[in-house]
Every structure is written in structure tokens, then in C-alpha cells.
Amino acid sequence: LLSLGLTGCKSGGGDTIKVGEFASLTGKEATFGTSSHEGTLLAVEEINAAGGVLGKKIELLTEDDQTKAGEPANAVNKLISKDGVVAILGEVASSRSLEAAPICQQGGIPMISPASTNPSVTQVGDHIFRVCFTDTFQGGALANFATEKLNAKKVAVLTDTKSDYSKGLAKNFKEKYLKNGGQIVTELDFNGGDKDFKGQLTTIKNAAPDAIFLPGYYTDVALIAIQAKQLGISIPLFGGDGWESETLLTIGKEAMNGNYFSTHCAADQGTPKMTAFVDAYKKRFNGKTPDAMAVLGYDSAMVLADSIKRAGSTEGAKLRDAIAATKDYEGVSGKFSLNADRDAVKALVFIKIENGAFKYSATVNP
Ligand code: PHE
């Protein structure tokens, strides 16, 4: 019994608290994983500099899932079974969070997604949380934006069928937009990674919408915007948080100007917490401005540390209950509480792309 007490406990007994992270550090959505990782790392460094939690330092174990289906499962299996982590942080993309979540749930290891917005992610089970809003909220906000701000009576929708995020956001947008009295003139799709969108864009042009909704990720969106311009399409394009990456601008260039997207927060939104975070992040990462994934990565690690403190333990069920009790948390991304579905209830922001840069434009409260 004594020896069990000393050596039998995989994670609680060591000198550090092991936390796992899986992220797309390479591959098609590399900026998502790089950003969320940097935010997460900065949080862990700050926590450890302040003495750690429960008298121990946090040890962050990071796995690269390479933006590839199949890899999130490998990463999380390794982190849980081999490394003995007490909790998992990740992922940004919903499809990859959905792949890992059942493994965390079955292993009794809490998982906090920084940025996956598809509603089904946290529905996997009571160990799965997120520190971001869901696409039920984001899709509704985008529909109201199309109706009220763009004055669009008719919209075309172009969805990435490879992405749970894209399909879900398209569905949530559509429900609210139709309720608003809007009309969807054409609904088309593509496979993330496609290079030629001229066929779909020609159909869209002929359907004469007032705006095009693109619930996709930045690499595809940038190419779609360029090809739309080449076909003489000059109506606004708009989308959700999947647009957010500097790479959207480096690939899409002028074709991105005058378009809009919703996301979690903006570096220039002017809140004191954000301003302080931007300074700290720039200092740590060579002057780089943090994007929403960086902010949410930071908030996810901070919520976990706060929950470990309140639980007074890293034991799965206790930690799960403490995360679930997160209330009025003052995150860098804004103030939020986790609801009964383990989703954060919080505001979103709209960004306008102007002169090749992201400009904060408005906040929408839940
Ligand atoms: N919300 C997206 C998804 O669920 C991921 C994302 C978050 C992308 C934040 C950009 C910014 O797949």
C-alpha cells in the first residue's frame, strides 16, 4: 500500500503536473496550432513563474497533429496512456477536437478546447469543455450581420464538406438568415484544399446574390476571394472565425479588402486585459501580434490552472467538476461563464478587412 501510494499514481505523484496539448503546428492550418500553442505556452510560463499550482510546476507536453485526420487520436492516446497527463488542451479545428474528445471522455481526462465552435464537440460527454462560444451563436450573429449590416436580401453559401466546422456554421447561419426573411439563392460546396473554385463561383455569379457567405478556413477562403475578383464578382464576402490568420492576407492580398468576418476577439479591441496580453505576447514572440487562437490558447490554460486550484486536486472527476463550475471568468478574450452544456457564453467581434489589415468593427453580446 505504501509503495502504491508513492509510485502507483501516474500523474498526481510526480513533481510536476503534466498537461497535454495537441495542435496543428504544421500542415494546412499551421497558423491555428502555432498560435494556440504560443498562447498556451505563455500562460504556462506565467503560471510557473508565479509558483505553479498546488505547489507544483505545470509541465506542458505538446503533440503536433499535422492538420491530418487520424493524428489527433494518436496524439491524445499517447498523452493519456504513455505520458499520464491530467488534462488535455486542444484543438482549434472542430473536426480534430471531435476526433480526440471520445478518447478523453473514455479516459476520464478533462479536455478543454480553446477554439472549436461546432456544437457537437462538447456534446461528446461531461469531460469535454470549451472556452469559446458555439456556432449556434456565431451563425446567428452572422445571419443578423448579413440582414442588418450588409442589407443582403439574397446570399450564396459555399461550404467545405471536409470540415465539421464549415458544415455546422453553414447550417446555423442558414436557419437564422431564413428566419430573418433572407433568401439563399444557391448552396454549393468544395473539399478543403481544393485549388479551383471557378465552377462554383460562376454558378454563384449567375444566381446574382447580394453577398457570399464562406464558412471556411483561411487558405481556401483566400483563393476563393482571388478567383471571385478574377470573375468580376464585386459583392461582399463574409465568414466566421475560420478566416482568422495573417496568411489570409498574405495569400488573398487586395482581394480580401472590403470583406468581413466574425471572431472571438481582436488585438485592437481596447480592453485593458487585451492590451496587457498583446504587450506580453509581443515581448515573448518577437513582436508578433496575437490572433484569437493565441488568446484562446492562453485562456484555456489559465482556466485549467484556476480549476486545478479550486479542485485542490488533479483527479479527473474533481477537476471536471471544478472546470464545469467556471463562472464570471475574466479572460483575455472577454468575461465568460461555462453553461450546463460546458460551452462558454461570451461576446463575439466583427472584423473588417481594410487596406490589407484587420480592423475591429463591432462587438455582439450573447
Ligand atoms: N472555430 C473553428 C472551428 O471550430 C476554429 C477556429 C477558431 C478558427 C478560432 C479560427 C479562429 O473549427
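The values are calculated or read from the model by the stated rules, or taken from the named source; none is laboratory data. As the structure is a prediction and not an experimental result, all values here were calculated from the model. Every residue, glycine among them, receives a Cβ derived from its backbone with ideal geometry; neighbour counts consider all protein chains shown. Accessible surface areas use protein heavy atoms only, side chains included; no ligands, DNA or RNA. Shrake-Rupley method; radii C 1.70, N 1.55, O 1.52, S 1.80 Å.
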Q) Pairs LYS174/LYS205; LYS149/LYS327; LYS28/LYS318; LYS162/LYS335; LYS149/LYS171: which exceed 30 Å Cα-Cα? A) LYS149/LYS327; LYS28/LYS318; LYS162/LYS335
Q. Using a 1.4 Å probe on the protein chains only, how many percent of the accessible area of the chain belongs to carbon and sulfur?
A. 52 percent
Q. For the modelled label position 7 Å from the Cα of THR26 along Cα-to-Cβ, which residues of the range 77-95 have backbone nitrogen atoms closer than 20 Å?
A. 77-79, 91-93
Q: Would you mind getting me the FRET efficiency between ASP341 and ASP15? Use the beta-carbon distance for r and R0 = 45 Å, nearest 0.05.
A: 0.80
Q: Over the chain, calculate the relative contact order: mean separation of alpha carbon pairs under 8 Å at least 6 apart, over the residue count, as a percent.
A: 17 percent
Q | Rough spin-label spacing in nm, given labels placed 7 Å along Cα→Cβ, for TYR360 and ASP126 | A | 3.9 nm
Q.
Over the chain, with the other protein chains present, what is the accessible area per residue in square angstrom, probe 1.4 angstrom?
A. 40 Å²
**Q.** Separation of alpha-carbon centers, the range 35-69 and the range 222-261, rounded to whole Å
**A.** 33 Å
Q: Work from the charge dipole of the chain (Cβ charges, +1 for Lys and Arg, -1 for Asp and Glu, about the Cα centre) and give the residue of GLN66, ALA276, PHE261 farthest towards its positive end.
A: PHE261
**Q.** Label point distance in nm, ALA317-ASP196, each placed 7 Å from Cα along Cα→Cβ
**A.** 5.9 nm
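Which value results when the Cα radius of gyration for the range 170-238 is divided by 2.2 N^0.38 Å?
Ratio of Rg to 2.2 N^0.38 Å for the range 170-238: 1.09.
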Q.
For the ranges 314-327, 37-50, 118-131, 215-228, what's the packing order if you count other beta-carbon atoms within 10 Å of each residue, average per peptide, and put the highest first?
A. 215-228, 118-131, 37-50, 314-327
Q: Equivalent ellipsoid semi-axes for the chain, as square roots of 5 times the alpha carbon gyration tensor eigenvalues: give them largest first, rounded to whole Å.
A: 37, 20, 18
**Q.** Contour minus Cα-Cα distance for ALA73 and ALA280 (0.36 nm per residue)
**A.** 71.2 nm
